[in-house]
């Protein structure tokens, strides 16, 4: 189960970032489904049953996300939000591979208290919690509290995001600290992320 967000990436490859107030033509561009989609698609291609538990909207971006999920055989848990479309980001990819993002959140971000309460996981389930989902203002704490309350038999994965030092990183770290102190197994995919977490919070019980 993926607990987080699938959004749309508007990718533009540029030789370097434009100067402030400047203008530039991209060398190439692409529109792709991103966010948590890549994690889900990778799991589905290994033959695992995958469920997307995040939000999605009514509009062109939401339709694009649902089509990509369906093509990978991924189950969508929630109905579309009738009042909002799925969010998107604009990513500028420099010649050296460095990426700069600006994100507009949408229906994938569940801000209402209790929004995750109907989602159930139990013995034999693995839940991947998006680090970027934990970083979102308002909704991140709600997602973190839900994940922290999952039964000990549930394997938690993900949690950390490779975020630069920022308010978003602080929100993600605080929510992740709550999650990983729950009883039960948790797996973070990056040693560098785990080292940064331990340096900030110390070892968990």
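One decimal place: the segment residue 20-residue 112 gains 29.5 nm when fully extended, by the rule 0.36 nm per residue minus the C-alpha distance. Based on alpha-carbon centroids, what's the gap between the stretch 1-34 and the stretch 101-123 in Å, whole number please? Using only Cα atoms, the two centres lie 23 Å from each other. For the pair residue 125 and residue 102, what calculated FRET efficiency results from E = 1/(1 + (r/R0)^6), where r is the Cβ-Cβ distance and R0 = 30 Å, to the nearest 0.05? Calculated value: 0.30.
Hey, fewest Cβ within 10 Å first, where do 9, 117 land in order? Write down the numbers at each step before the final one.
On the way: 9 19, 117 11.
With the fewest neighbours first, 9, 117 line up as 117, 9.
Using the Stokes-Einstein relation with a Kirkwood hydrodynamic radius computed over Cα pairs, the translational diffusion coefficient of the stretch 3-109 at 37 °C and a viscosity of 0.692 mPa s comes to 224 µm²/s. Ranked by the mean number of other Cβ atoms within 10 Å per residue, highest first, peptides 86-97, 10-21 order as 86-97, 10-21. Between residue 58 and residue 94, what is the FRET efficiency for a Förster distance of 25 Å, r being their Cβ-Cβ separation, to the nearest 0.05? Plugging the Cβ-Cβ distance into 1/(1 + (r/R0)^6) gives 0.15.
Here, each number is a calculation from the coordinates, and none is a lab measurement. Values in this document were obtained by computation on a predicted structure and should not be read as measured data. Cβ coordinates were reconstructed from backbone atoms using ideal geometry, including for glycine residues, and neighbour counts include every protein chain displayed.
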